[in-house]
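Comments concern the structure below.
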Amino acid sequence: MLMQLAGLLFLLCLQTPLAFAQSSPTLPASLNLQQDGALALSEGKPLILLFSLPDCPYCKVVRQSYLLPMLREGEPAERPVMRELQITSEESLVGFEGSRTTQAAVAKQFGVRIAPTVVFVDATGNVLAAPIVGGDGHGFYSAYLDKALAESTRKIAAGGPGKAR
């Protein structure tokens, strides 16, 4: 009986990493950037776009270590509006101007060629801060995000691009 229990426990341990790998949390995908922008505008916030690639280890680190915690921490009203797009995806979505486009076309529109790239925009897709290109190679990624978020939020509050206030 003890050997059967040990064998069952061993099999369970083998399956656990696989289960975690398959259920890796993701950011909300955008189906309609115009609606996403309107939501950000109504909340007086920038829209944060993560441009990524499938199976990109740097994208995974940025997503799981920096962006997802921003969506979970603090009060719901303080959380940013954030969406993820794949830079090579031909998946269709509504662009900022209201017409159909693809995720790859949106990435090209923003000049994104490297994953991950994080872009802060207003409700109409105007860039509010310098994009954050690449992964966390030097341990300053949180500082880069904080700086870009503060700059973008300041511009929105001042009635700059997007005319939030």
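The values are calculated or read from the model by the stated rules, or taken from the named source; none is laboratory data. Worth saying up front: this structure is predicted, and the values here are computed from it rather than measured. For neighbour counting, all protein chains shown are included, and Cβ atoms are generated from backbone atoms with ideal geometry for every residue, glycine included. Surface accessibility is based on the protein's heavy atoms, side chains included, excluding ligands, DNA and RNA. Shrake-Rupley method; radii C 1.70, N 1.55, O 1.52, S 1.80 Å.
Brief remarks follow.
- Filter pass, residue 104 being more than 18 Å from residue 27 (Cα to Cα) and crowded, with 16+ Cβ neighbours inside 10 Å: no
- If the condition is being open to solvent by less than 50 Å² (accessible area, probe 1.4 Å) and assigned to a loop (DSSP other than H, G, I, E, B), then segment 112-135 contributes 112, 115, 116, 122, 123, 125, 128, 129, 134, 135.
- Inside segment 78-111, residues that are within 30 Å of residue 139 (Cβ to Cβ) and either touching a residue at least 60 places away in the same chain (Cβ under 8 Å) or part of a helix (DSSP H, G or I) (or both) make up a count of 6.
- Any hit, segment 14-25, residues being modelled with pLDDT of 95 or more, among the polar types (S, T, N, Q) and not in a strand (DSSP E or B): no
- Matching residues in segment 142-160 - criterion: being surrounded by 14 or more Cβ atoms within 10 Å (Cβ to Cβ) and either assigned to a helix (DSSP H, G or I) or modelled with pLDDT of 95 or more (or both): 144, 145, 147, 148, 149, 151, 152, 153, 155, 156
- Of the residues making up segment 41-65, those that are in contact (Cβ under 8 Å) with a residue 40 or more places away in the chain and basic (Lys, Arg) number 2.
- Selection from segment 30-87 of residues that are buried (at least 22 other Cβ atoms within 10 Å of the Cβ) and among the hydroxyl-bearing types (Ser, Thr, Tyr): 30, 52
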